[in-house]
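Only one structure is covered here, and it is reproduced in the block below.
The values are calculated or read from the model by the stated rules, or taken from the named source; none is laboratory data. Not measured: the values here are computed from a predicted model. Glycine also receives a Cβ, built like all others from the backbone with ideal geometry; neighbour counts cover every protein chain displayed.
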Amino acid sequence: MNRRNGLLQRRASIIPGFGLTFGITLFALCVLVLVPLSAVFVKTAGMGWQAYADVALSSRALKAYKLSFGASAIAASINAVFGLMTAWVLVRYDFAGKRVISALVDLPFALPTAVAGIALTALYAPNGWLGRWLVPHGIEVAFHPLGIVVALTFVGLPFVVRTVEPVLADLGADVEEAAASLGASRFQTFRRVIFPAIAPALATGFALAFARAVGEYGSVIFIAGNMPYKSEIAPLLIIIQLEQFNYAGATAIAATMLVASFLLLLAINLLQGWQRRRMAS
Amino acid sequence: MTVTATDVVKSFGNFAALNGVSLDARPGEFLALLGPSGSGKTTLLRILAGLDFPDSGRIEIGGEDMSNAAARDRRVGFVFQHYALFRHMTVADNIGFGLTVRPRATRPPRREIARRVSELLDLVQLSHIGGRYPSQLSGGQRQRVALARALAVEPRILLLDEPFGALDAKVRKDLRRWLRSVHDRMGLTSVFVTHDQEEALDLADRVVVMDHGRIEQVDTPEALWDRPASAFVCDFLGGANRIACHVSGGSVDIGGVRLPNSAPACGDGPATAFVRPHEFALAEPGTAGVPVTLRRILRTGARPALETATADGSVLEVIADAADHLAAGAALTLVPLAVRAYPAA
C-alpha cells in the first residue's frame, strides 16, 4: 500500500488537474465555510473575556449546551440502532413496497423541519393521538426534554440508513453464510463478522446524525416547550440573543458550540481513521 | 461420510430449480456437479450445506436425516466462489474462526487453536502470510485460505461452489490438482460444482451432469466420455460436431457412410449425429461423406485444428494429423469414423 507522505506532494499522475481542482476546492471552502465561521470568532473575540463568560458560560447557557449535546447523542444513538436495522431490512430482503419505504427514509431530509416539529407536537401533546395514552402513564413527551430527543431522532434517521446501506450491500450474504457453515450462531455472526465490517460506516452515520441534531432548530422549538434551564436548546439561546439585538452574545454562544462540535467530530474522525488503519484494507 | 439426497424438489417463485433430484456420494469420493448455469447444481450444493432448504425431499449425511438441520449443525465445510473471507480479520484469524465460535464446552484452548491454525497454514502453503489481511492476497491465495478455514472445523464433508471460477487458467489447473491431493490425504468426501467440463473430468471420481433441474447422467469420467447417455450430455462435454443423419436398423447413415451407432439405442428415422473433431478422416472431394470447404487452419494444440463449413454454412471442426498440404478455400470430404446418434430434438 502506498500512503501519501505530504499533503501537497507533486507527482506525475494519470489523473489530471490536481492543481486546478484543489484550488477551486480551497476557494469554495473559504467562501462558503471558513469566512462566515471566522467572522463568528472575530466578533466573539472583540467582546472581551468577561462579557463572553457572562453570556456563553452562564448557568443557563451551560444547561442549554448540556441539553443540546446530550439529547443529540441520545438521538444519534437511537438512530444508530434503528437506522442499522432499517438499512439491514432494505438491503437483505425483497418485499412489496420496498421503494416506498426507501423513499420514506429520505423524507426527513426534504420536509421543512418546522412541519416535523408541529406534527410531532400535535401527536405527543396531552390531547394528541399518542400523548392521550402516554401522559396518563406519566410519560410526557411534548414540552419536555424527551420531546427534543424524539424530534432529533426524526431528523437524523436518514444519515445512518444512507451511510450504512451501501456498506452492508457490499458485504454480501456469502460472508454470513460462511460464518453459519463454520458453526457461528446468529449473534456471533453479527458481532464478529457483520458489525466490525460496518462499524466505520455506522460511526460516520452516527457522527452525521449527531452533527445534524446539534444544529437542529426548527423542529425542536415547537415540541420542546423552551423553558429556561429545563427544555431550552443552545440554538434557541442564540436566537433569543439575536432578538435582543445582542449580536456579540449570539456569536459567543455560537462560537462555543462550534468549538465543541468540531472537537467531537474530530474525535470521531480520528477514531475511524484508527480503526481503518487497523483493518489495513 | 455418505451424503444422500432423495427426490429433492426446490423452486424459486415460478422457476423450478430442482425437479426431484436423487444423488449419493460415497465415503471418500470426489463428486462433481456439472451443468450449464441455471441447471440447479449450485442450488443442490447449497441444499446439501443447509444454506437453502428443499420444498420436499430428504438430505442425509452419514445416515443421519439432515433435511431441516441448520447450516451450523451440519458440520459441513463450504467453499464459496468468491472466497467470502472476513475482510477485517487476518488470514490466521479467518482460519481459526470456526474454532473460536464453538460453545465454551467444546472450544479448544487458545494455544490449541493457534497450533491448529499453523498446521492448516502449512497445509495450504501460506505459513509466511498468516498475519496479512485478505485484501493483500492474490485470488489463488484467498481461495486456499477459504479452504483452510473450511477444513479447520474438521468437516464431515467438503462442499465447493465453483471454487476456481474466479481464477485464471494456470492457477486453476495447479490449484485443482493440489485440491485433489488434499482431498486424498485427508480422506474427505467432497462435492464440487463447476460448469467447466474439463475441470470436472480432470478432478472427479464421478461426475453428475445436470440440466434444467434434473440429473442427466452420473458416471465416471471415462464412462461419461465413452457412453454419453443423451444428446445433452454429449453436447455439453464439448467439442462434438452436430450433423443431421438418418438411422435405420441400428446403423447411422451420414452422407452415404454407414456406421454402427455408439450411443444407446436410437429409433429409426432422422436423427442428430455427434462426431468429435478427432473422429474424422480427410478424403478427396467426391468420396462418400460430408463435403466441406476449408475455412481456416488453427494451431492451438499439438495437432492442427481445421475449421470447415458445409454447403449450408454449418461449421464443423476437425483435428487433422497434418495440414501442411492444405490451404484455406480447399474442397474436402470428411469421412466420419465413429458416431453417436440421438433422436433429433
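Hey, can you tell me all the residues within region B:264-286 that are surrounded by 20 or more Cβ atoms within 10 Å (Cβ to Cβ) and of a type in the set (A, V, I, L, M)?
The answer is B:Ala271, B:Ala273, B:Val275, B:Leu282.
For every residue, the table says whether it meets (1) closer than 22 Å to A:Phe109 by Cβ; (2) touching a Ser or Thr at 6+ places or on another chain (Cβ under 7 Å).
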residue: A:Leu202; (1), (2): yes, no
residue: A:Phe206; (1), (2): yes, no
residue: A:Val220; (1), (2): yes, no
residue: A:Met227; (1), (2): no, no
residue: A:Glu243; (1), (2): no, no
residue: A:Asn246; (1), (2): no, no
residue: A:Thr251; (1), (2): no, yes
residue: A:Ala267; (1), (2): no, no
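Residue by residue, here is whether (1) under 24 Å from the mean Cα position of the chain (by Cα); (2) away from chain A (no Cβ under 14 Å); (3) more than 22 Å from A:Pro196 (Cα to Cα) holds:
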residue: B:Pro36; (1), (2), (3): yes, yes, yes
residue: B:Asp52; (1), (2), (3): yes, no, yes
residue: B:Ile59; (1), (2), (3): yes, yes, yes
residue: B:Thr90; (1), (2), (3): no, no, no
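Only one of B:Leu158, B:Leu201 is of a type outside the set (Asp, Glu), touching a strand residue (DSSP E or B) at 6+ places or on another chain (Cβ under 6 Å) and either part of a helix (DSSP H, G or I) or modelled with pLDDT of 90 or more (or both); which?
Only one candidate qualifies: B:Leu158.
Which strands (runs of 3 or more DSSP E) does region B:216-302 wholly contain that include 1 or more residues that are among the hydroxyl-bearing types (Ser, Thr, Tyr)?
Those strands (runs of 3 or more DSSP E) span B:241-248, B:251-254, B:269-275, B:290-298.
Can A:Leu123 be described as touching an Asp or Glu at 6+ places or on another chain (Cβ under 8 Å) and away from chain B (no Cβ under 14 Å)?
Numbers: touching an Asp or Glu at 6+ places or on another chain (Cβ under 8 Å): no; away from chain B (no Cβ under 14 Å): yes.
So A:Leu123 does not fit the description; no.
Taking B:Leu175, is it more than 18 Å from A:Ser181 (Cβ to Cβ), touching a Phe, Trp or Tyr at 6+ places or on another chain (Cβ under 7 Å) and at pLDDT below 90?
Yes.
Do you know which of the residues in region B:297-336 that are exposed (fewer than 11 other Cβ atoms within 10 Å of the Cβ) and charged (D, E, K, R) is nearest to B:Val257 (Cα to Cα)?
My answer is B:Asp312.
Take residues that are more than 14 Å from chain B (Cβ to nearest Cβ), surrounded by fewer than 22 Cβ atoms within 10 Å (Cβ to Cβ) and over 18 Å from the mean Cα position of the chain (by Cα) and tell me which of the helices (runs of 4 or more DSSP H) falling wholly in region A:158-256 contain 2 or more.
A:234-243
Within region B:67-81, is even one residue under 20 Å from B:Ile47 (Cα atoms), among the small types (Gly, Ala, Ser) and more than 9 Å from chain A (Cβ to nearest Cβ)? Write out each step before concluding.
In the first step, residues of region B:67-81 are kept if they are under 20 Å from B:Ile47 (Cα atoms); the result is B:67-81.
Keeping just the survivors that are among the small types (Gly, Ala, Ser) gives B:67, B:69-71, B:77.
Remaining after also requiring more than 9 Å from chain A (Cβ to nearest Cβ): B:67, B:69.
Yes, region B:67-81 contains a residue that is under 20 Å from B:Ile47 (Cα atoms), among the small types (Gly, Ala, Ser) and more than 9 Å from chain A (Cβ to nearest Cβ).
Just one of B:Leu99, B:Leu120 is within 10 Å of another protein chain (Cβ to nearest Cβ) and either touching a Lys or Arg at 6+ places or on another chain (Cβ under 6 Å) or touching a residue at least 12 places away in the same chain (Cβ under 8 Å) (or both); which is it?
Values: B:Leu120 fails: within 10 Å of another protein chain (Cβ to nearest Cβ).
Answer to the selection: B:Leu99.
Could you tell me whether B:Arg107 is in contact with a helix residue (DSSP H, G or I) (Cβ under 9 Å, 6 or more places away or on another chain), of a type in the set (Lys, Arg), more than 8 Å from every other protein chain (Cβ to nearest Cβ) and in contact (Cβ under 8 Å) with a residue 12 or more places away in the chain? Let's see the steps before the verdict.
Values: in contact with a helix residue (DSSP H, G or I) (Cβ under 9 Å, 6 or more places away or on another chain): yes; of a type in the set (Lys, Arg): yes; more than 8 Å from every other protein chain (Cβ to nearest Cβ): yes; in contact (Cβ under 8 Å) with a residue 12 or more places away in the chain: no.
So B:Arg107 fails the test.
Kindly provide the set of residues from region A:78-116 that are modelled with pLDDT of 90 or more and buried (at least 16 other Cβ atoms within 10 Å of the Cβ), ordered by number.
Passing the criteria: A:Ile78, A:Asn79, A:Ala80, A:Gly83, A:Leu84, A:Thr86, A:Ala87, A:Trp88, A:Leu90, A:Val91, A:Val105.
Among the helices (runs of 4 or more DSSP H) lying completely within region A:84-156, list those that include at least 2 residues that are in contact (Cβ under 8 Å) with a residue 12 or more places away in the chain, under 21 Å from the mean Cα position of the chain (by Cα) and in the same structural domain as A:Ala169 (by TED's automatic domain parsing).
Numbers: elements: A:98-110, A:113-124, A:131-134.
Because the criterion is at least 2 residues that are in contact (Cβ under 8 Å) with a residue 12 or more places away in the chain, under 21 Å from the mean Cα position of the chain (by Cα) and in the same structural domain as A:Ala169 (by TED's automatic domain parsing), the helices (runs of 4 or more DSSP H) in region A:84-156 that meet it are A:98-110, A:113-124.
Can you say whether B:Glu60 is free of Cβ contacts under 8 Å to residues at least 40 places away in the same chain, surrounded by fewer than 20 Cβ atoms within 10 Å (Cβ to Cβ) and of a type in the set (Asp, Glu), as far as the supplied structure shows?
Answer is no for this residue.
Whether any residue in region B:273-280 is in contact with a Cys (Cβ under 6 Å, 6 or more places away or on another chain) and aromatic (Phe, Trp, Tyr) is what I want to check. Don't jump to the end; show me each part of the working.
From region B:273-280, those in contact with a Cys (Cβ under 6 Å, 6 or more places away or on another chain) are B:273-274; that's our starting set.
Checking which are aromatic (Phe, Trp, Tyr) leaves us with B:274.
There is at least one residue in region B:273-280 that is in contact with a Cys (Cβ under 6 Å, 6 or more places away or on another chain) and aromatic (Phe, Trp, Tyr).
Hey, can you tell me all the residues within region A:23-40 that are over 23 Å from the mean Cα position of the chain (by Cα) and at pLDDT below 90?
The answer is A:Ala39, and nothing else.
Could you look through region B:141-181, keep only residues that are more than 14 Å from chain A (Cβ to nearest Cβ) and surrounded by 18 or more Cβ atoms within 10 Å (Cβ to Cβ), and pick out the one that is nearest to B:Asp202 (Cα to Cα)? Break it down into steps so the answer makes sense when it comes.
Quick first cut of region B:141-181, residues more than 14 Å from chain A (Cβ to nearest Cβ) only: B:141, B:144, B:164, B:167-181.
Those still in the list that are surrounded by 18 or more Cβ atoms within 10 Å (Cβ to Cβ) too: B:141, B:144, B:164, B:167, B:172, B:175-176, B:179.
Details: B:Gln141: 22, B:Arg144: 19, B:Phe164: 13, B:Leu167: 17, B:Arg172: 12, B:Leu175: 12, B:Arg176: 9, B:Leu179: 12 Å.
The extreme case among them is B:Arg176.
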